[in-house]
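Enquirer: Pasting in a structure now, in C-alpha cells, and then I'll have a few things to ask.
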Amino acid sequence: MMYNLIRILGDRHAGFILCLIVVLNLIAGSLVMNSHPELYPSFFHLDLNYFFHPVRGEHAWLYALLLTFALFGINLLACIIDSVIRLLNNRAGRLKASAALLFHVALVTTMAAHLYEGFFASTQRIPITAQGVELPVLGRVQVESLKNIYYPDNSLKDTEVALMFSKPDGQRLGKDIAFNQPAIFDGGRRQVVMLSGQVIPSGVDITRSADNREFRLEPNRALPLGNGYLLLQGLFETGTGLPYAQFLWQPEGGSQQQHIMALNAGMPHSQIRIDGALYQFKRVAETPFIVAIVRYNPAVPLMLVSLILASAATFLLVRWLSARSKDQGRPLGN
C-alpha cells in the first residue's frame, strides 16, 4: 500500500507537468515584473521575503510558483525513494539507476538551496570610502587605493581597488578587487562585489603665505586656525563651471564671516585672508570611493553539494554508456 502511494506521488508524467507549470510561472512572473516596474527597486535581487511584505495580488505568480515547487519537490522525493527501492531490489543495471538517483538528489538539493537563499540571503548596496564603513561580520572596510586601467582609445577597461578589512577579532586583511574579481569570505558565503569606482574630491589644501605651511580642510570639520576656527562648508561650481570652495570663519568672541576661494591657483580670488594672514589655494584633495554589493548567501555549501552529486551522476552515466557500448560491440557467441 505504501509503495503504491510512493509510485503515485513519484509519477514521472506528473513530474513533467509540474516542471512545465514551473516554467510557465517563471514566464508569467517575468511579464508581471516588466509590467509593474514601480513595485520593484531599481536594484532588485533574489529576496523572497520582499514578496510577502506586503502580500500583493501582483505577486500571485510567485505564490503559485512556490506551491508548484513544493509539489514538484514531493514528486522528486517520492521518485528518489522509488529509485532507492528499485536499486536495492535490482542487481543489474546499477550504474544507470545510481546515476539517475544522484541526478534526482542533486535537483532536490538545488531547489532547497535556492529556497534557502531566497529567504535567508541578504544583499546590500554600500558606498565604501577611504574613511571606512562598518559591515556585518566582516568588520570595518576602507579603500586604500584605486587604479583605473584604460584601453588604447582611453575608454575604461577595469578598475583595481585595494581594500583593507579590520575584523571584529582584531585581524586585518587586505583584499584586491576589480569589476570581475570580488572579495570572497567564508568559503564563498560572503562577497564584496564592486559596481563602480572613482576618485572624488574630499577637501581642499591651502598654504599660509607667511610660512608656506600647508593645511587640509575637509567638509564640516572645523580646523583651529589663528584665534578661531575655519570650516569648509563645501565645494561648488558657478553657473559658468568655475569650481570654488566656501568657508566659514568663526573668530573667538567675534561674528562669523564667510569666504569664497576659487579652486584655481592661477586665477583671481584663489586666496582668502583669515585673522590677518593670507591663505592660498594649493590643491583639491581627493579620495578613492567605490559602490559595492555586499552579498551574504548561506546556501553556497548546498550548491556545492549539488554540484558534487551532479558530477558524480555524470561520471556514473558515462561509465554506464561506455560499458553498454562495449557490450554491444562484442560478437555473438555460437
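Enquirer: Starting from residues that are more than 18 Å from Ala130 (Cα to Cα) and aliphatic (A, V, I, L, M), keep the ones in the range 148-178 and report whichever is modelled with the highest pLDDT.
Expert: Filtering the range 148-178 for residues that are more than 18 Å from Ala130 (Cα to Cα) and aliphatic (A, V, I, L, M), the one modelled with the highest pLDDT comes out as Ile149.
Enquirer: State all residues of the range 201-220 that are outside any strand (DSSP E or B) and either in contact (Cβ under 8 Å) with a residue 12 or more places away in the chain or of a type in the set (Gly, Ala, Ser) (or both); if no residue qualifies, say none.
Expert: Residues satisfying the conditions are Ser209, Ala210, Glu218, Asn220.
Enquirer: Select, from Ile74, Ile80, the only residue that is surrounded by fewer than 18 Cβ atoms within 10 Å (Cβ to Cβ) and of a type in the set (Val, Ile, Thr).
Expert: On the way: Ile80 fails: surrounded by fewer than 18 Cβ atoms within 10 Å (Cβ to Cβ).
None of the others qualify; the one that does is Ile74.
Enquirer: Now for a different question. I'd like to know if the range 206-216 contains one or more residues that are closer than 22 Å to Gly132 by Cα, surrounded by 13 or more Cβ atoms within 10 Å (Cβ to Cβ) and touching a Lys or Arg at 6+ places or on another chain (Cβ under 7 Å).
Expert: no
Enquirer: So is Asn34 of a type in the set (S, T, N, Q) and either in contact (Cβ under 8 Å) with a residue 24 or more places away in the chain or under 25 Å from Asn75 (Cα atoms) (or both) or not? If you could, list the steps in order and put the result at the bottom.
Expert: On the way: of a type in the set (S, T, N, Q): yes; either in contact (Cβ under 8 Å) with a residue 24 or more places away in the chain or under 25 Å from Asn75 (Cα atoms) (or both): no.
For Asn34, the condition - of a type in the set (S, T, N, Q) and either in contact (Cβ under 8 Å) with a residue 24 or more places away in the chain or under 25 Å from Asn75 (Cα atoms) (or both) - is not met.
Enquirer: I'm told Thr68 meets every condition in (1) within 26 Å of the chain's Cα centre (by Cα); (2) under 27 Å from Asn297 (Cα atoms) except one. Can you identify the failing condition by its number?
Expert: Condition not satisfied by Thr68: (1).
Enquirer: Just to be sure before I move on: is Gln198 touching a residue at least 24 places away in the same chain (Cβ under 8 Å) and loosely packed, with under 15 Cβ neighbours inside 10 Å in the structure I sent?
Expert: Yes, satisfied.
Enquirer: Ala313 - would you say it is surrounded by 14 or more Cβ atoms within 10 Å (Cβ to Cβ) and not assigned by TED's automatic domain parsing to the domain that holds Leu217?
Expert: yes
Enquirer: Something else about it: Among the residues of the range 217-244, count how many are surrounded by 14 or more Cβ atoms within 10 Å (Cβ to Cβ) and among the acidic types (Asp, Glu).
Expert: Result for the range 217-244: 1.
Enquirer: With the requirement that a residue be surrounded by 18 or more Cβ atoms within 10 Å (Cβ to Cβ), closer than 30 Å to Lys175 by Cβ and among the aliphatic types (A, V, I, L, M), what does the range 104-128 give you?
Expert: Ala113, Ala121, Ile128
Enquirer: Go through the range 257-270 and give me each residue that's crowded, with 17+ Cβ neighbours inside 10 Å and not aliphatic (A, V, I, L, M).
Expert: Answer for the range 257-270, where residues must be crowded, with 17+ Cβ neighbours inside 10 Å and not aliphatic (A, V, I, L, M): His259, Ser270.
The values are calculated or read from the model by the stated rules, or taken from the named source; none is laboratory data. These numbers were taken from a predicted model, which means no experiment stands behind them. Backbone-built Cβ (ideal geometry, glycine too); neighbour counts: all protein chains shown.
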